[in-house]
Amino acid sequence: MSEQSPEMEIVHLLRKVTVEFGLRQAEFASRHGMHPTDVRALICLLDAERAGTDATAGWLGAQLGLNSAGTTAVIDRLERLGHLTRTRDPRDRRRVLMTVDPRAVELGRSFFGPLIDNTVAVLRDFDENETAAVQRFLSAAHRAVTAIP
C-alpha cells in the first residue's frame with residue numbers, strides 16, 4: 001500500500017463524505033418521489049432563505065446550472081409535491097419568489113436530522129481554533145471546487 005501525504009488523505013476523506021451525502025440525498029429523493037435535482041433545488045432555496053437572498057426562477061436555474069425549461073420543470077415538480085410555494089414579490093409584483101414549504105422543511109429534518117445532529121455533535125468536541133480551521137478549510141475547498149470551469 002502506498003503512503004499518502006496528509007493532504008491527499010484529507011482530500012480522499014472529503015470525497016468519502018461528499019459521496020455519502022450524495023447517497024443520502026438520492027435516497028431521500030427516491031423515498032419521496034423526487035429527482036435528485038429537486039433535492040439540490042430545495043437545498044439552494046433553504047440556503048437562499050438563510051442568506052436573505054430573493055429566490056427567483058432565474059436565480060435557481062443559475063444555482064443548478066439548468067436552462068429555463070429545466071428550471072421550470074423542477075419548480076413545477078416541487079410545487080406539485082407541495083414542497084415549494086411561489087409568491088409575488090411585494091416590492092416588485094413582476095417577480096415571483098419561491099420559498100420552501102414548512103412541511104418540506106419538516107420532511108427534510110425528519111430524514112436528515114440525525115445526520116445533522118451527529119455532525120454537530122462531532123464539532124462540539126472541537127475547540128474554537130479547531131472549529132475555525134475546519135470552517136476555513138471547507139470554505140477554501142468550496143471556493144477551489146467552484147472555481148473549476
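Read-outs throughout are calculated quantities, based only on the coordinates presented, and are distinct from any laboratory measurement. The shown structure was predicted, so the numbers you read here are calculated from the model rather than taken from an experiment. Note: ideal-geometry Cβ built from the backbone for every residue, glycine included; neighbour counts use all protein chains shown.
Taking N as the number of residues in the chain, what value does Rg over Cα atoms divided by 2.2 N^0.38 Å take? Can you show the working numbers first?
Details: Rg = 17.9 Å, N = 149, 2.2 N^0.38 = 14.7 Å.
The value comes to 1.22.
So if I average 1/r over every pair of distinct C-alpha atoms in segment 67-149 and take the inverse, what Kirkwood radius in Å does that give? Spell out each step's value before the answer.
Values: mean 1/r = 0.0608 Å⁻¹.
Roughly 16.4 Å, rounded to one decimal.
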Hypothetical label at Glu49: residues of segment 97-125 whose amide nitrogen lies under 20 Å (7 Å Cα-Cβ projection): 97-117
Local electrostatic count, Lys16, Cβ distance below 14 Å [Lys/Arg +1, Asp/Glu -1]: 0
Most mobile listed residue (Arg86, Arg94, Arg77) in the chain, GNM with C-alpha springs under 10 Å: Arg94
Potential lengthening between Ala26 and Ala121 on full extension [0.36 nm per residue; Cα-Cα distance subtracted]: 31.8 nm
Part-to-part distance (alpha-carbon centres) for segment 84-149 and segment 30-57, which is given in Å: 10 Å
Where labels lie 7 Å past Cα in the beta-carbon direction, separation of Lys16 and Glu130 in nm: 1.7 nm
Within a Gaussian network of the chain (alpha carbon springs, distance under 10 Å), most fluctuating of Phe28, Phe126, Phe112: Phe126
Ser110-Val145 pseudo-label distance in nm [points 7 Å out on the Cα-to-Cβ vector]: 2.9 nm
GNM flexibility winner over the chain from Ala51, Ala62, Ala104 (Cα, springs under 10 Å): Ala51
222 nm mean residue ellipticity, helices alone, for the chain (DSSP H n ≥ 4; -39,500 (n - 2.57); rounded to 500): -23500 deg cm²/dmol
